Amino acid sequence: MNVLDIKNLSFSYDDKSKIYDNFSLHVELGEVVCIVGPSGSGKSTLFELISKNLKPNKGNIKVGKISQIFQDPYTSFHPTYSIIDQIKDVVPLNGYEVLCEELNLDIQLLKQKPHLLSGGQLQRCSILRSILMKPDIILADEPTSALDNITQLEVMKLLLKFLDRTAILLITHDESLASWCANKTISLYKK
């Protein structure tokens, strides 16, 4: 089942240089698709187009329910109130205890404010929030780049556990990560 279908997408911020020209992409449930490329190549722009924050010049994007995981977990949460309250503001907590167990996340940590958690703990909270939204596809923008190597691997393995219920479109600069986890890799490096 396709959860993302992009056909003949064209987009540019000005008339001079197209970021996307006749770009197509299909993502199915259970797939991990990685978008790799240098800064400024259009990786984040693609997420903005999929999220409908930008409008394509041409082409068509059909997408199911989206949730997002961002690069810096500390900017993903408001600093002044607890993680659990922030998650409740976005989505019902149905089944969160089971998910916390799957994520190796101590439920007591959810009662804390974000600055009291490590980057890895906070990124697990981001994954928890994202999975509770029951998305068809997760847009993950460099979700491990702010973490140390061991925590990066741990967080990615946890995220991949949920492919029975979602797909993942992952932006990364890390080509070894892409080759390790992706079913498909889309390179935005200019030829």
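The values are calculated or read from the model by the stated rules, or taken from the named source; none is laboratory data. What you see is a predicted model, and the numbers here were worked out from it, not measured in a lab. Ideal geometry is used to build each Cβ from the backbone, glycine not excepted, and the neighbour counts take in all protein chains shown.
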Residue list for segment 129-144, restricted to those being part of a loop (DSSP other than H, G, I, E, B), at negative phi and either acidic (Asp, Glu) or buried (at least 23 other Cβ atoms within 10 Å of the Cβ) (or both): 136, 143, 144
Could you tell me whether any residue of segment 1-21 is of a type in the set (Gly, Ala, Ser), within 28 Å of residue 187 (Cα to Cα) and modelled with pLDDT of 90 or more? yes
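Please pick out the residue among 52, 62 that is assigned to a loop (DSSP other than H, G, I, E, B), surrounded by fewer than 18 Cβ atoms within 10 Å (Cβ to Cβ) and of a type outside the set (S, T, N, Q).
Testing whether each residue is assigned to a loop (DSSP other than H, G, I, E, B), surrounded by fewer than 18 Cβ atoms within 10 Å (Cβ to Cβ) and of a type outside the set (S, T, N, Q) leaves just 52.
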The one condition residue 120 fails out of (1) in a strand (DSSP E or B); (2) at pLDDT below 95; (3) touching an Asp or Glu at 6+ places or on another chain (Cβ under 9 Å) is (1)
Enumeration of residues in segment 68-94 that are more than 21 Å from the chain's Cα centre (by Cα) and surrounded by 11 or more Cβ atoms within 10 Å (Cβ to Cβ): 81, 82, 85
Would you check which residues across segment 145-189 are more than 13 Å from residue 33 (Cα to Cα), of a type in the set (S, T, N, Q) and part of a helix (DSSP H, G or I) and list them? 149, 151, 152, 176
Mind checking which residues of segment 106-117 are assigned to a helix (DSSP H, G or I) and either buried (at least 20 other Cβ atoms within 10 Å of the Cβ) or among the β-branched types (Val, Ile, Thr) (or both)? 107, 110, 114
